[in-house]
1. Roughly how big is region 1-59's charge dipole about its Cα centre, with Cβ charges of +1 (Lys, Arg) and -1 (Asp, Glu), in debye to the nearest 20?
2. For PHE30 and ASN303, FRET efficiency with R0 = 41 Å and r from the beta-carbon atoms, rounded to 0.05?
3. Just the number, please: percent antiparallel of the DSSP beta bridges in the chain, rounded to the nearest 5.
4. Would you tally the net charge around VAL307, using a Cβ to Cβ cut-off of less than 12 Å, leaving VAL307 out, and scoring K and R as +1, D and E as -1?
5. Return THR397, THR372 ranked ascending by Cβ neighbour count within 10 Å, so the fewest neighbours appear first.
6. Under 14 Å from the Cβ of ALA55, count the other residues' Cβ atoms, weight Lys and Arg +1, Asp and Glu -1, and hand me the total.
7. Which distance in nm do the two modelled labels at GLU470 and GLU20 give, with both placed 7 Å along the Cα-to-Cβ direction?
8. Given a Förster distance of 41 Å, report the FRET efficiency between PHE461 and THR530 from their Cβ-Cβ distance, rounded to the nearest 0.05.
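Every number here is computed from the coordinates shown, using simple stated rules; none is lab data. Small disclaimer: the values here were computed from a predicted structure and weren't measured. FYI the Cβ positions are ideal-geometry reconstructions off the backbone, even for glycines, and counts take in every protein chain you see.
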Amino acid sequence: MFRIRRVANELYPMNRYAVEQVKEIMRSQFSAVKEEKIQAISEQLHDPLKYRFRAILFVAENNIGKLKGFALLMYVPDRGFCFLDYIATRKEDAPVGIGSALYERCREEAMLLKASGVFMECLPDDPAFCKDDNLLEQNASRLKFYERFGARPLINTLYETPVKQDDTCAPYLVVDLLDKTTLPQPRQLRLIVEAILQRKYADYCPQDYIEKVLNSIDETAELRPFKYLRESNQRSFEATIKSKKPLPLVYNEQHSIHHVKERGYVEAPVRISAVLKAFEGTGLVNILPVQFFPEKHIRQVHNPDLVDFLKEISAATPEGRSVYPYIFPIRNPDRKPRELALQTGYYCIDTFTPIHRNVWEAARGAVDCALTCAVEIIQGEPLAYALVRPPGHHAETNVYGGFCYLNTAAIAANYLSHFGKVAILDIDYHHGNGQQEIFYKRSDVLTVSLHGHPSTTYPYFAGYRKEKGEGEGLGFNHNFPLSEGARAQEYRMILSDALRLIEKFDPAYLVVAFGVDIAKDDPTGTLNFTSKDFEKNGRMIGSLQIPVLVVQEGGYMNRTLGTNALHFIKGLHDTVWK
């Protein structure tokens, strides 16, 4: 198994480790490439102005970070195209489809960038241009691979003309039109070829050679006819016009084991089924199975004492019984009660979040759902939805409460933070005190929350504007308390301010703690938002063009819950892909 993710820089340990492995693979697979070119990859990632293109590095790695392959894609924004500089796998991993997955990811990225095509160089498969039979076979195999995606050599130009008389096997310029059917106009094509020759090969191609190649590009330039695909496959390819893909949705089929049946307990299993029913037949989501993750990801966020307590008391609680806290001892490590039932008040912040036999398994399942979605985001999905219960955003490092036991969104954000900066936007009606406390002293995770004013709204003790972070985290926590009954237009003005803060932070990933309890008639909120409001909010957030992981939090008006969630996700989906 492997995952594909983008490496934006070398600021994080996992990224530095990945780049070093990229260089290792390059040395083994491209022996003719000089060491200075290999070392230049680091500089290309953080200095696009020097090279006049933006380097985009994708790596395929296993679950412990060992690279199986990589692709280095160059985006040239002023000319509107991408150039595939390198794509390679470890020799021992070559036959398992890693190259195809990497190239598919490059194509997706190029489409998101609205590039006119992906251009690349491939050595020729024609004996007239290459006399080495062994090379011809390898070249043919490579060109056959790209032809499966519609990419073929540009013909009727002088691009494959050798720069020097003694050069052999001068490369084709291969073009992938990204499911379009026509080449760029000759003028645009000349600008693209000029950028390739001048920016990539300025130290090798003299200006008179470049001019000769550019002058050969006119209306006769075209892609070589399919050589390796069968006619039926050609027709199938040419008829394919890709649209926006369904987004990954992950939910735990066993979530219903967490069912508190006491009257008035609104956090019920019907919440998940209401949302799933709304998505049926829309084609908007692709439901994925839940993957299992090590417990260490939970313990990196929550105090191990809390984790051990939740596991122990869940196992010790008799089937069908709920345990509520009723004594709240002073939280001093030396004064923790011996009796498990009394420890509920030691670890809980309220009187309405019960413990029962299945609490741990349900909360742990929600975390696995969110981490499954996080992996999808790392691998290049622009949007994923963790439809989970119980919710999590009130759980802090040392305590649980507010129907929340483990902070699912915070655990996913911490996981993503190993791969780049993360912003958390909490739009539940209640303040995300859990994320605030967990990341209050950190600068790599920005926490932003829009919520009912804490003077009148749970959790009451956190969520004020003056809470800005502490130490290294000072300035990286922002609260936007709302007045009761705030109108949708006022809300979107405040949301706009919050989004500007996120945009300025420039995160690699955005985690949205999504509460539907801002809806009209929700029993826990005072706002009156309709499905149209949810869709508008989703569009605003998606317009940031940051990969988004949505983690379900509150929302208890089951009659409209599914419709509102659907419209929010639709708004995100419609804009995050642009």
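1. Values: 11 positive and 7 negative charges, 51 e Å.
Computed charge dipole of region 1-59: roughly 240 debye.
2. With R0 = 41 Å, the Cβ-Cβ based efficiency is 0.25.
3. Values: 32 of 67 bridges.
Percent antiparallel among DSSP bridges in the chain is about 50.
4. Computed value for this residue: 0.
5. Going from sparsest to densest Cβ surroundings: THR397, THR372.
6. Numbers: positive: ARG6, LYS23, LYS37, LYS50, ARG52, ARG54, ARG199, LYS200; negative: GLU10, GLU43, ASP47, ASP85, GLU109.
Taking every other residue near ALA55 into account, the sum is +3.
7. 3.5
8. Details: r = 31 Å, r/R0 = 0.76.
That pair, PHE461 with THR530, gives E of 0.85.
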